[in-house]
Amino acid sequence: MAFRMTEQAYLVLLALADGPRHGYGVVQAVVTLSDGRVRLGAGTLYGVLDRLVEAGYARVCGEEVVDGRLRRYYELTDEGGAAAAAHTRELAALAARAKRALAARPALGGT
């Protein structure tokens, strides 16, 4: 089955683009990337990370115990970087088509 690129999955990939992060670091990066619009709960985050790992887009790259709790680090794979770049291009093309479609309608943001 092909990987379905949800908004949450895309944002997690982008969060990992800067380098390895643990779960809470991913959550914080997603909030920043989405200007506070997307806040991932633990269940959603780890579900997305599991799907990304299964698809080969991310991998576990380390673990450490902090305050008695296991902290697992994830990193982007080359395949994950390529998928994020491809999705970024798709979104940019969609945005360009949307701008053209709205251009004829000044009330909707056109000129």
### Summary
Going residue by residue through region 79-89, the Karplus relation 6.51 cos²θ - 1.76 cosθ + 1.60 with θ = phi - 60° gives ³J(HN,Hα) values, rounded to whole Hz and with x marking Gly or Pro, of 5, x, x, 5, 5, 5, 5, 5, 5, 4, 4
### Relative contact order (percent, whole number), the chain, Cα cutoff 8 Å, 6+ residue spacing
25 percent
### Query
Among 29-37, 8-16, 65-73, how do they line up from the highest to the lowest mean number of other beta-carbon atoms within 10 Å?
8-16, 29-37, 65-73
### Task
Please list, in chain and number order, the residues 5+ apart from residue 77 or on another chain whose amide H is under 5 Å from its amide H, with Hs placed from the backbone.
58, 59
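Values quoted throughout were computed directly from the atomic coordinates according to the rules given, and no laboratory measurement underlies them. As the structure is a prediction and not an experimental result, all values here were calculated from the model. Glycine also receives a Cβ, built like all others from the backbone with ideal geometry; neighbour counts cover every protein chain displayed.
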